[in-house]
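Comments concern the structure below.
The values are calculated or read from the model by the stated rules, or taken from the named source; none is laboratory data. Because the structure is a prediction, the values reported are computed rather than measured. In this analysis, Cβ positions are derived from the backbone assuming ideal geometry, glycine residues included, and neighbour counts consider all displayed protein chains. Quick note on the areas: whole protein, heavy atoms, side chains included, nothing else; ligands and nucleic acids left out. Shrake-Rupley method; radii C 1.70, N 1.55, O 1.52, S 1.80 Å.
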Amino acid sequence: MTTSSGDPRSLLAQLIDPAHRADPYPVYRKIRELGPVSMPENNLTLFSSFVHCEEVLRHPSASSDRIKSTVGQRMIFGPPSFLFLDPPDHTRLRRLVNKAFVPKVVKALEPDIAALVDGLLRDAESTSEPFEAISGLAYPLPVAVICRLLGVPLADEPEFSAASALLAQSLDPFISATGISVAGAADGGFEKRQQAGLWLRDYLRELIARRRRDPGDDLMSGLIHVEESGDHLTEEEIVATCNLLLIAGHETTVGLISNAILALLRDPEQWAKLAADPARASAVIEETLRYDPPVQLLRRIAGADMAIESLTIPKGDNMLLLLAAAHRDPDAFDNPDRFDPDRATTRHLAFGKGPHFCVGAPLARLEATVALTALTARFPHAALADIPTYKENVTLRGMSSLPIALSGPRS
Ligand code: HEM
């Protein structure tokens, strides 16, 4: 393999490099232009076109179970959640959780979500500008909602959010585990992530014990008492499921809300249009999910030898699906680098596809709808106050700060 700038290894290194976090899309384009890339020395294949990413996600031999990977995995945080399981365990556990997130049940949360957003925006009005949209809205909203749903005390947020942030990073070192790493990128800190994983499981185990004694109307109590087809969840399955929901529920929706705010602020006409017409929220949200997806890539393992186009992926090899590259694929979208909520095609893979399609999609869409319509309506002249900054995460890429001038640009 060559080491030119078109070399997949050097392009992956660029993707991991924090210097490219604010705008990784030129790197994604270069990778996509290579077509599917086989890296046998790393037991890895990269897919970056829309059609290939979708085909792998739907492929019956594409596994989410990391134990099936030939590249060693240190299983450090206890038994995996159903995100990392294949049928039949995946099907059984997912079915139990899915009921709590179907659109009808989620819709009933709207008044609570609206009240939370209203409170946050009232605080925004009363504090001095600029308004920090991550810590002031995009982050506290999904955290409060998932805590309420699961029955996790919001007062414990400072502790579990630190653990959750560290665990979100553990989706990244896989890239460096393939031998591709960059100085300065978050590929160290294994011990810290292990500690965080163990701490969070112990914390949840304690909460579960409390709920066993004193059940509430929350999802955690529901999982404890669930009985479907005569099937009980084991203690460790409940812990792993709550762990997944707590992390997935608050490390992703913050990205959707903040990426949408940023895209709208960079196109003031779009901000004004949404402020005037809340019915545009759905188009804005779907376009944000395409244009700047909170989950930038997914991993799959070949559960059997697989053929995708002309490539054979040997059993046990890893596949990286670069969703963020697929979403800018000119074969799938006209003018893909343009943020355009009015485009005719709104399909995307931001919530995945196939058996692992995001359980929380209806909730994430509702939270984003309420937050964006309220923010634009209340502050129709808002403007970007400063350049946003980004966290180091590659997979769950997102901003760490997004300062807004609520009353509009300073003249
Ligand atoms: C904008 C916000 C969100 C995005 C972009 C997102 C994205 C995703 C993606 C891409 C997957 C598929 C992973 C894979 O195929 O390997 C997924 C799965 C999942 N998501 Fe989300 N998610 C979001 C919000 C949420 C929320 C709010 C919750 C829960 C409260 C949630 C819970 C889950 C769960 C439990 C799974 C595992 C599904 C399975 O393995 O069957 N997500 N999500």
*With just the Cα atoms of the stretch 28-107, tell me how far they stretch along each of the three principal axes, in Å, largest first.*
44, 32, 22
*Which loop chymotrypsin sites (Phe, Trp or Tyr not before Pro) in the stretch 313-411, with loop taken from DSSP, have no more than 15 other Cβ atoms within 10 angstrom of their Cβ?*
F357
*What accessible area per residue, rounded to a whole number of Å², is obtained for the chain using a probe radius of 1.4 Å?*
42
*If the cut-off is a Cα-Cα distance under 17 Å, which aspartates and glutamates reach K273, setting aside same-chain residues fewer than 8 apart in sequence?*
E286, E287, D340, D342
*³J(HN,Hα), Karplus 6.51/-1.76/1.60, whole Hz, each residue of the stretch 380-390, x for Gly, Pro*: x, 10, 4, 9, 5, 8, 7, 6, x, 10, 10
*When the solvent-accessible surface of protein heavy atoms is calculated with a 1.4 angstrom probe, in what order do K30, K192, K353 fall, highest first?*
K192, K30, K353
*Residue by residue, what Karplus-based ³J(HN,Hα) values in Hz, rounded to whole numbers, does the stretch 233-243 have, using 6.51, -1.76 and 1.60 with θ = phi - 60° and x for Gly and Pro?*
7, 6, 3, 5, 5, 5, 4, 5, 6, 5, 4
*asked:* How many angstrom lie between the Cα centre of the stretch 7-71 and the Cα centre of the stretch 196-219?
replied: 36
*Label-point separation in nm, R95 to R205, each point 7 Å along Cα→Cβ*: 2.9
*asked:* If I stretch the segment between S161 and D65 completely, what's the gain in nm (0.36 nm per residue apart, minus their alpha carbon distance), one decimal?
replied: 32.0 nm
_From the C-alpha coordinates alone, can you work out the Kirkwood hydrodynamic radius of the stretch 257-382, in Å?_
16.0
*For K107, list the lysines whose Cα falls under 17 Å from its own Cα; do not include residues on the same chain fewer than 8 positions away.*
K99
*Mind checking the stretch 278-354 for GluC sites (Glu not before Pro) that DSSP puts in a loop (not H, G, I, E or B) and that have at most 12 other Cβ atoms within 10 Å?*
E309
*Alpha carbon centre of the stretch 278-316 versus the stretch 349-411: separation in Å?*
20
_Extension gain from S38 to K315, taking 0.36 nm per residue of separation minus the Cα-Cα distance_ = 98.3 nm
*Assuming a ≥ b ≥ c are the square roots of the Cα gyration tensor eigenvalues, decide whether the chain counts as rounded (a/c under 1.5), prolate (otherwise, with a/b larger than b/c) or oblate.*
oblate
_Relative contact order [Cα under 8 Å, 6+ residues apart], the chain, whole percent_ = 27
*Over the Cα atoms of the stretch 253-294, how large are the radius of gyration and the largest Cα-Cα distance (Dmax), in Å?*
9.5, 26
*Hits among lysines - C-alpha to C-alpha of K391 under 24 Å, sequence gap 8 or more where chains match*: K30, K192
*Name the shape class, rounded, prolate or oblate, that the alpha-carbon gyration tensor gives for the stretch 330-383, where a ≥ b ≥ c are the square roots of its eigenvalues, rounded holds for a/c under 1.5, and otherwise prolate holds if a/b is larger than b/c and oblate otherwise.*
oblate
_At 222 nm, what value in deg cm²/dmol follows for the chain if DSSP H runs of at least 4 each add -39500 (n - 2.57) and the sum is divided by all its residues, to the nearest 500?_
-14000 deg cm²/dmol
